[in-house]
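Take a look at the structure below.
Bear in mind these aren't lab numbers, they're just calculated from the coordinates by the rules spelled out. Since the structure is predicted, the reported quantities are computational estimates derived from the model, not experimental observations. Every residue, glycine among them, receives a Cβ derived from its backbone with ideal geometry; neighbour counts consider all protein chains shown.
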Amino acid sequence: MNAASNLPVRAAGEAGPPPSRVVAVVGPPNSGKSTLFNRLTGLRQKVANFPGVTVEQHLGKLRIEDEAELDVIDLPGVYSLNPRSEDERVTLDVLMGRMEGVPRPDTILLILDVTNLGRHLVLAAPVLALGLPTLIVLNMADELERRGGDVQVEELARRLGAPVALISAASGEGYDTVLQFLRGRIGIPRPVELPALNDLPRCREWAARLGAEAKYLPPAPPVWTRRLDGLFLHPVAGPLVFLAVVVAVFQTIFSAAAPLMDLVDRAVGASGDLVGRLLPEGPLRSLVVEGIWGGVGSVLVFLPQILILFLFIGLLEDSGYLARAALIADRTMAKVGLQGKSFIPLLSAYACAVPAIMATRTIENKRDRIATILIAPFMTCSARLPVYTLIIAAFLPERPLLGPLLGTRAAALLGLYVLGFAAAVVTARVLKSSILKSERTPFVLEMPPYRRPTLRQVGLRLFDRSKVFLRRAGTVILAMSILLWGLAHVPTKNGKAPEIADSFAGTIGRTVEPLIEPLGFNWKIGIGLITSLAAREVIVGTLGTIYGIEGDDDGASLQAALRHDLTPAGAVALLVFFAFAMQCMSTIAVVRRETGGWTWPILQFTYMGVLAWVGAFVAFRLVTALLA
Amino acid sequence: MAEIEFHRSPAPDMPHTRPPATLLDLRKGEEAILDRIDLPDDVSLRLMELGFLPGSRVAASFRAPGGDPRVFRVDGTEVALRCETAARLHLRPLPKPDAASAT
């Protein structure tokens, strides 16, 4: 079985379709759709929302040799085109050219998992019925071969009335056929009669008959998946493995990231010095060095940690382990009234609450969905990571707890993650037994076979996350740093910048001081709390700017400066505050959009804010008493 | 809603006293033919898209630690269902009484 030679119905005198301009990638979940999309577009892609709805659309560009550029749209994974869920409705609307602002595709790449051809082929009926030039891309050719399956591609193409390519999107095998098709170099067989689309059993029979006619030999069951499930779903070993994975992630965030962070730190410091030397003494130099380098630079240092976190999340997702984790978590989720499906958005909330809240649309039950949205921001998102690691590193000496496996700092970080999770669970329980009570909805989740994550996929994801992080550093954090620098330099006294305590920034900080004094925070922390309403990690930049302006002891690190302003009890209180408070404008905006009004975001912001204050107050008192 | 105890399952080495009536009665590795789905339309359509078509073969596979949800092998894939859902998928006995082992 050689995929590259499988050009079906080679156009001998028969004209192919005109070269395409807008290509839609359609396919069921777990068929390798994103892998194909990434292979087509590489780094030239962006993520946006379809206008008016919350379904993410991935758009990319593709240039084949010297021909015109193509637009590629990656549509959500669907099993059918019956517009029941929002994903299916969007897919159908885009394919029919009914989605405003999205050009109507003139070509479809329908990607199906060839190791499960019978079931996946069902989707070919409604897609081919659209009448657009369609290439049926049978993915996972390598896996089919390895597990001893086979299919006759030419015969399948003839029976389907559409060209078929057998490829491996991960390895690139057979990928050339896809490009040939997009260039209009592959002939299209005569259309055939399709089964009645609304009759699912008949469609499935049709798919089975086609498979039999194309001599489809299903591959042997995935032996490794069974073996791994024997371990990962083992009643005892399964949860232990889960725990070990989590501990390893946290330990790596501290230990492996440290040298990289040093590197970034030194680069930021050195470039700041260089810029400082190039600029003449004066307000401009102060703005650039203290305001921008001090503010943005102190946040940039955390890029390595965030990338390590996303590396792990990516590996877990691409390997198929995430579905098992959802399975293990379902009973716990059921106890608080939610379902395993809430688990996946909640897990991605560990990266960022914004995509997590958008991902809740897979939850069909509206009340379950709102409950999941309301608790998602309690999950420790990556923006909290800089705040947590800064404070932990400043106040907690690193000592081994479990030999080299787990140190004190990683344990403290793990504890904060648990704290956020606990707040989420308790909140869910309260919501689901009061205002959001509902019947339990069925939990249905497909368990994909385990697959080896590819460097390309994971690399692209990390690249994407870096872009998002750097964009935030370049916009929100930069703007807040400049604003803060400005506020810290007025009103001028005798033509000179005031002491920071007498500046506008200091006045603002001191205005809120009475409110936060019971938590052990002074006015400088107060300024940080206010600026971090925009985004949590801004507090790090803010403190960087404030201490940069103060500049009392030259070269003193942010950590050392922080120890002047916080007692250990205050530090714990600050950690608790950040674990609970909803300091993120993007999250508030996305909750408003997803819930269709201001009621839920206002409720959520207030609830989380009160919880943060009370939690920090209790923590401050408790630790003060313990240390006394 | 009353919590029903679903986690008990016949001992693996004992023969069934009567043929399994729903997916919930299937022991790990055991196979049967799906007869009908007793669930609201939207849920049963979703299940049918995943392969739970009446007349298809379904085999019990792994379980989550604790026994719920359970994984079922159907139409070349594995799908996890909670026990309360599995109890709504009714079986008809296999044509041959001893063709129980699924590989």
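Shape descriptor for chain A: Rg over Rh equals 1.02 (Cα atoms; Rh from the Kirkwood inverse mean 1/r). Seen from a random direction on average, the alpha-carbon convex hull of segment A:3-220 projects onto 11.4 square nanometres. Between the residues A:L519, A:Y547, A:T595, the greatest Cα displacement towards the positive end of the dipole of segment A:455-627, with unit charges on the Cβ of Lys, Arg, Asp and Glu, is found for A:T595.
Counted over segment B:23-92 with a bin width of 10 Å, the fraction of Cα pairs per bin, in whole percents, is 23, 62, 15.
The helix-based estimate of mean residue ellipticity at 222 nm for chain A, built from -39,500 (n - 2.57) per DSSP H run of four or more residues and divided by its residue count, is -17000 deg cm²/dmol to the nearest 500. Over 10 Å intervals from 0, what percent of Cα-Cα pairs in segment A:125-206 sits in each interval? Final binned percentages: 17, 43, 33, 7. Rounded to whole numbers, the Karplus 3J(HN,Hα) couplings from phi for segment A:320-328 are x, 5, 4, 5, 5, 4, 5, 5, 5 Hz, using 6.51 cos²θ - 1.76 cosθ + 1.60 with θ = phi - 60°, and x at Gly and Pro. Using only side-chain charges placed at the Cβ, +1 for Lys and Arg and -1 for Asp and Glu, the dipole size of the protein assembly as shown relative to its Cα centre rounds to 780 debye. Answer rounded, prolate or oblate for segment A:429-472, using the Cα gyration tensor with square roots of eigenvalues a ≥ b ≥ c: rounded when a/c is under 1.5, else prolate when a/b is larger than b/c, else oblate. Cα axes put segment A:429-472 in the oblate bin.
The modelled label-to-label distance for the pair A:V192/A:L240, using points 7 Å beyond Cα in the direction of Cβ, is 5.2 nm. Considering only alpha-carbon pairs that sit under 8 angstrom and 6 or more positions apart, the relative contact order computed for segment A:3-220 is 27 percent.
Projecting the Cα atoms of A:L315, A:G570, A:P345 onto the dipole axis of chain A, where Lys and Arg carry +1 and Asp and Glu carry -1 at the beta carbon, places A:P345 farthest toward the positive end. Look at the stretch B:47-56: the mean tally of other chain Cβ atoms within 10 Å of its residues' Cβ atoms is 5. Think of chain A as having a plus end and a minus end, set by charges on the Cβ of Lys, Arg, Asp and Glu; of A:L95, A:F469, A:M333, A:M333 sits farthest toward the positive end of this dipole. If both residues of a DSSP beta bridge must be in the protein assembly as shown, then about 70% of such bridges are antiparallel. Sticking with the crude label model, points 7 Å out along Cα→Cβ, report the distance from A:L515 to B:R92 in nm, one decimal please. My value for the distance between the label points is 6.9 nm. Please report the base-10 log of the normalised intensity I(q)/I(0) for segment A:455-627, using a Debye sum with one equal scatterer per alpha carbon and no solvent, at each q in 0.17 (1/Å). Debye intensities relative to I(0), on a log10 scale: -1.15. When only the Cβ of Lys, Arg, Asp and Glu is charged (+1, +1, -1, -1), the dipole of segment A:455-627 relative to its Cα centre reaches about 800 debye. Spin-label model, A:D464/A:Q559: points 7 Å from Cα along the beta carbon direction are separated by 3.4 nm. With the convex hull drawn over the C-alpha atoms of segment A:166-292, the volume per residue is 343 Å³. With q set to 0.22 Å⁻¹, the log10 of I(q)/I(0) for segment A:80-170, from the Debye formula over equal scatterers at the Cα positions, is -1.10.
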